[in-house]
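Novice: Pasting a structure here, questions to come.
The values are calculated or read from the model by the stated rules, or taken from the named source; none is laboratory data. Source: prediction; values computed, not measured. We place every Cβ from the backbone using ideal geometry, glycine too, and count neighbours over all the protein chains shown. Heavy atoms of the whole protein, side chains included, go into the accessibility calculation; ligands, DNA and RNA do not. Shrake-Rupley method; radii C 1.70, N 1.55, O 1.52, S 1.80 Å.
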Amino acid sequence: MAISLDAAASAMREAMRETVRRYSLLYLVQGILMVVTGVLALIYPWIASVAIVRLLGWLLVISGIFQGIGVIGARQVPYLELISAVLAIVIGLLLLRHTGAGLLFFSVLLIVYFMVEGIVKVIFALTIRPFPDWGWVLASGLIGIALAVYLWANLSTISDWVLGLLLGILLVVEGAALTCMAWHVRREI
């Protein structure tokens, strides 16, 4: 049983490495875009925070409208589903109208995002090691987890611009890690 688990883990690691090799250009582009977006968030942290809350608000409103149209148009769907559509619209409008409350909501979403993204990057890095520059990906995951813990510990005192700053840090670190790894892999090909 232990041999089959080792063989399965080895096969999964090799599949992940092959995926990175095959899609190294996409990883490179993703990394560069993350760095650029992160730098913009670092330069304009307050704008980044408010812009994301507004974007989320508009996405909820538009999603709720389309969901409502779909529910009304489908006769077999119970109208209780309409509650979900109305709720999305109401929450979206509240986020658009009360950005400050939206920033608290956004803070909680960022905590979840930082933590999940950090854990995923750590697992990814440990899976592809000893791949070139895998340590950078591991470090970016650990930084994501640290940012989640920091944000959680300071949630009651966090200011608007700090959210954009933390998001910028994560995007730059993860983007740089992906860019380094993909660049190294592309040079080997």
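Novice: Taking all protein chains together and a probe of 1.4 Å, list ARG17, ARG186, ARG22 from the most accessible to the least accessible. Before the final figure, lay out each step's value.
Specialist: Working: ARG17 40, ARG186 105, ARG22 145 Å².
Sorted by accessible area, descending: ARG22, ARG186, ARG17.
Novice: Could you bin all the Cα-Cα distances of segment 97-144 into 10 Å bins starting at 0 and give me the percent of pairs in each, rounded to whole numbers?
Specialist: Binned Cα distances yield the sequence 29, 34, 20, 13, 4.
Novice: Given the whole protein assembly as supplied and a 1.4 Å probe, what does the accessible area of GLU188 come to in Å², nearest 10?
Specialist: About 120 Å², ignoring ligands and nucleic acids.
Novice: Give me the distance in nm between label points sitting 7 Å out from Cα along the Cα-to-Cβ direction at ILE65 and LEU104, one decimal.
Specialist: Each label point lies 7 Å from its Cα, and together they span 2.9 nm.
Novice: Please state the Cα pair-distance histogram of segment 64-174 with 10 angstrom bins from zero: what percent is in each bin?
Specialist: 14, 29, 22, 21, 12, 1
Novice: Could I ask something else about it? Dipole of the chain, Cα-centred, from +1 at each Lys and Arg C-beta and -1 at each Asp and Glu C-beta, to the nearest 20 debye?
Specialist: Details: 11 positive and 9 negative charges, 50 e Å.
Using Cβ point charges on Lys, Arg, Asp and Glu, the chain gives about 240 debye.
Novice: In whole Hz and in residue order, list the ³J(HN,Hα) couplings for segment 45-51 that follow from phi through the Karplus curve 6.51 cos²θ - 1.76 cosθ + 1.60, θ = phi - 60°; x for Gly and Pro.
Specialist: Going residue by residue, I get x, 5, 4, 4, 4, 5, 4 Hz, with x marking Gly and Pro.
Novice: Rounded to the nearest 500, what is the chain's calculated 222 nm mean residue ellipticity when only DSSP H runs of at least 4 contribute -39500 (n - 2.57) each, over all residues? If you can, show how the numbers build up before the last one.
Specialist: On the way: 7 runs with 166 residues, N = 189.
So the calculated ellipticity at 222 nm is -31000 deg cm²/dmol.
Novice: Let me ask something else about it. What FRET efficiency, computed as 1/(1 + (r/R0)^6) with R0 = 45 Å and r the Cβ-Cβ distance, is obtained for VAL149 and ARG21, rounded to the nearest 0.05? Please list the in-between numbers first.
Specialist: On the way: r = 33 Å, r/R0 = 0.74.
Working from the Cβ atoms, E equals 0.85.
Novice: What's the center-to-center distance, using Cα atoms, between segment 1-67 and segment 81-124 in Å?
Specialist: That distance is 16 Å.
Novice: Tell me, in nm to one decimal, what length is gained between SER159 and ILE119 on full extension, where the rule is 0.36 nm per residue of separation less the Cα-Cα distance? Mind showing how you got there, number by number?
Specialist: Values: separation 40, 0.36 × 40 = 14.40 nm, distance 2.54 nm.
Gain on extension, SER159 to ILE119, equals 11.9 nm.
Novice: With every protein chain left in place and a probe of 1.4 Å, what is the accessible surface of VAL86, to the nearest 10 Å²?
Specialist: 80 Å²
Novice: With a cut-off of 8 Å between alpha carbons and a minimum separation of six or more residues, what is the relative contact order of the chain in percent? Please report the intermediate quantities before stating the final value.
Specialist: Working: 247 pairs, mean separation 69.8, N = 189.
Dividing the mean separation by the residue count of the chain yields 37 percent.
Novice: Hey, with R₀ at 45 Å, roughly what FRET efficiency would TRP46 and GLU14 work out to, going by the Cβ-Cβ distance, to 0.05? Working shown, then result.
Specialist: Working: r = 45 Å, r/R0 = 1.00.
The formula returns an efficiency of 0.50 here.
Novice: Return the label of the correct value of Rg and Dmax of the Cα atoms in Å, as calculated from the structure shown, out of [x] 20.4, 58; [y] 16.6, 50; [z] 15.9, 52.
Specialist: For Rg and Dmax of the Cα atoms in Å, the calculated option is [x].
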